[in-house]
Structure formats: C-alpha cells, structure tokens
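Single-structure report; data block below.
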Amino acid sequence: MTAFATGQELLIRYTFDEESGTARDTGSGVSSDGILGPGAMRIDDTPGDASPFALDLREPGDSVFVNGGDSVEVDTLESFTLTTWLYLEGLNADQGGSGNVRLIAKQGPAPDFNGFSWNLNGPNAGERGPDNFRTGLFIGGEEGFAFAFAAEDAFADEWAFLAVTYDGTQLDENVGFYYGDEGTEVYLLDDFFEDLAAGPVASTAGEADFGIGFT
C-alpha cells in the first residue's frame, strides 16, 4: 500500500519499502515518518512487484494503523490529491471492528471535524464487501463540515489504484474519485465531479495525527 497527499508538490509519501521499523516519509515537505501500530506489518506482495514490501493491515483490532504524527504539511490545505494502492481482502466491521474505515486521514473531533478523512464506505448497490465498496471524502473546512461519495462503486478483489482530488477554493464540482488497476488506466468514476461545500481544510494542528488505516 502506497499513500501520499499532494497539492502543487509532493507533501507526504510512504512506500513501505522498509522491511521493519518506522515507515519513512519520502515526500518533499517536513518529514512525517510513520510509526506502525502493533498490529500493522509488511508483506512482500506489491502491485506489479514494484516494491519489496507493502503495508499489511489485515490483523483485526484497533492497533492496525500507521501514525504519521501531527504533520503540519497537511494542515490548512486549499486543495490536495490523495492516492493509494489497495488490496482489500476483508472488512474490519466483519471482524468486530469499526465500520468507519479510514484509508488516509487527519481529522479532529466533533463537532467541527476539522481536517480530512478518505474512507471506505458501503456501496451504492448490493452488499458491502471487499469486492464491492465505494470511497467517500469528509472535510472539516472553513465553510463547515461536509462530505461526498463516489457515485460509482469500486470492485477491487485485486490490487487497485484509488485516488481522490479536492479543490477547496470552490464549493461545487470540486471532488473527483478515481479508479484503476494493474491492467486498467486510471479513470474518473462516473465521469463527473461531486460537490463538497467545505472550503479550505481547517487546521488540525495540536488536535489530530495524520494516519493510514485509522478507524
């Protein structure tokens, strides 16, 4: 699993190429190396065998995540892109865990939920499963808290490339959800942009950590 956030430059990037220990942030901003939770591991199965290791979050429980700390480089962004390679084999909720599965997030507490959270959500049609889900983006911004969901479901059951773009300088047609895999070019789901009227991301400095797999 590879994840990063980018605006006009690469801010945070984890490849999980390390065999063990801290996950190195290889982005261009201030380093936000990630500490693997007790249940998080590495596995030598990667998309296209491009890397020696990927992040393995299959262990059940609430300790299966990567904590990147209170990273300042993703506070108060006007716009950003999040991407990840994902191989989904099961659902945390089916194992007694949370149904709120966050792929990548830095989001503060209620009621404002400042920051952002990119989630795996139930599908538009059919039963939720590792081969039938959709993604959603939740933003606590300067204009308030708002969210948007992909209009098209994703069908992984293999290594899939997922991405979401957000432009907080406008309040409509400003979220794009993307999908691809090892044999398919990345494309905009349902060929249109969703509306999310939250504005620029509000600061989470001092109240939230950047994380991969937080629930």
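The values are calculated or read from the model by the stated rules, or taken from the named source; none is laboratory data. Being a predicted model, the structure only gives us computed values, none of them experimental. Note that each Cβ is placed from the backbone with ideal geometry, even for glycine, and that neighbours are counted across all protein chains shown. Side chains included, ligands, DNA and RNA excluded: accessible areas come from the protein's heavy atoms. Shrake-Rupley method; radii C 1.70, N 1.55, O 1.52, S 1.80 Å.
Each row is one residue, and each column tells you yes or no for (1) on the phi < 0 side of the Ramachandran plot; (2) free of Cβ contacts under 8 Å to residues at least 12 places away in the same chain; (3) among the aromatic types (F, W, Y).
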{"site": "R58", "(1), (2), (3)": "yes, no, no"}
{"site": "G61", "(1), (2), (3)": "no, no, no"}
{"site": "F65", "(1), (2), (3)": "yes, no, yes"}
{"site": "G69", "(1), (2), (3)": "no, no, no"}
{"site": "W85", "(1), (2), (3)": "yes, no, yes"}
{"site": "W118", "(1), (2), (3)": "yes, no, yes"}
{"site": "P123", "(1), (2), (3)": "yes, no, no"}
{"site": "F147", "(1), (2), (3)": "yes, no, yes"}
{"site": "A154", "(1), (2), (3)": "yes, no, no"}
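Only one of these conditions is not met by P123: (1) assigned to a strand (DSSP E or B); (2) open to solvent by 10 Å² or more (accessible area, probe 1.4 Å); (3) in contact with a strand residue (DSSP E or B) (Cβ under 6 Å, 6 or more places away or on another chain). Which number is it?
Result: P123 passes all but (1).
Can you confirm whether P109 is touching a residue at least 40 places away in the same chain (Cβ under 8 Å) and either assigned to a loop (DSSP other than H, G, I, E, B) or exposed (fewer than 15 other Cβ atoms within 10 Å of the Cβ) (or both)? Steps first, answer last, please.
On the way: touching a residue at least 40 places away in the same chain (Cβ under 8 Å): yes; either assigned to a loop (DSSP other than H, G, I, E, B) or exposed (fewer than 15 other Cβ atoms within 10 Å of the Cβ) (or both): yes.
So P109 passes the test.
Considering every residue within region 125-135, establish whether at least one is within 25 Å of A23 (Cα to Cα) and at pLDDT 90 or above. Can you show your working first?
Applying the first criterion (within 25 Å of A23 (Cα to Cα)) to region 125-135 yields 135.
Filter once more, so that each one left must be at pLDDT 90 or above: 135.
Checked against the condition, which is being within 25 Å of A23 (Cα to Cα) and at pLDDT 90 or above, region 125-135 yields at least one hit.
For region 126-145, which residues satisfy the criterion of being in a strand (DSSP E or B) and either surrounded by fewer than 16 Cβ atoms within 10 Å (Cβ to Cβ) or polar (S, T, N, Q) (or both)? So that I can check it myself, show each step before the final result.
Here is the first cut: in region 126-145, the residues in a strand (DSSP E or B) are 129, 132-141, 144-145.
Across region 126-145, the qualifying residues are N132, T135, G144.
From S32, S71, S51, S20, grab the single residue that is more than 18 Å from W85 (Cβ to Cβ) and more than 17 Å from the chain's Cα centre (by Cα).
Details: S32 fails: more than 17 Å from the chain's Cα centre (by Cα); S71 fails: more than 17 Å from the chain's Cα centre (by Cα); S51 fails: more than 18 Å from W85 (Cβ to Cβ).
Criteria check complete, one pass: S20.
State all residues of region 157-215 that are hydroxyl-bearing (S, T, Y), open to solvent by 30 Å² or more (accessible area, probe 1.4 Å) and either in contact (Cβ under 8 Å) with a residue 40 or more places away in the chain or closer than 21 Å to E78 by Cα (or both); if no residue qualifies, say none. Step through it out loud before you land on a result.
The initial filter retains those residues of region 157-215 that are hydroxyl-bearing (S, T, Y), namely 165-166, 169, 178-179, 184, 187, 203-204, 215.
Narrowing further to those that are open to solvent by 30 Å² or more (accessible area, probe 1.4 Å): 165, 169, 178, 184, 187, 203, 215.
T165, T169, Y178, S203, T215, listed by residue number.
Within region 1-41, can you find the residues that are part of a loop (DSSP other than H, G, I, E, B), polar (S, T, N, Q), at pLDDT below 90 and open to solvent by less than 60 Å² (accessible area, probe 1.4 Å)?
The one that is part of a loop (DSSP other than H, G, I, E, B), polar (S, T, N, Q), at pLDDT below 90 and open to solvent by less than 60 Å² (accessible area, probe 1.4 Å): T2.
If I ask for residues that are open to solvent by 60 Å² or more (accessible area, probe 1.4 Å), of a type in the set (D, E) and in a loop (DSSP other than H, G, I, E, B), which ones from region 42-96 would you list?
Within region 42-96, D44, D45, E59, D62, D70, E78, E89 qualify.
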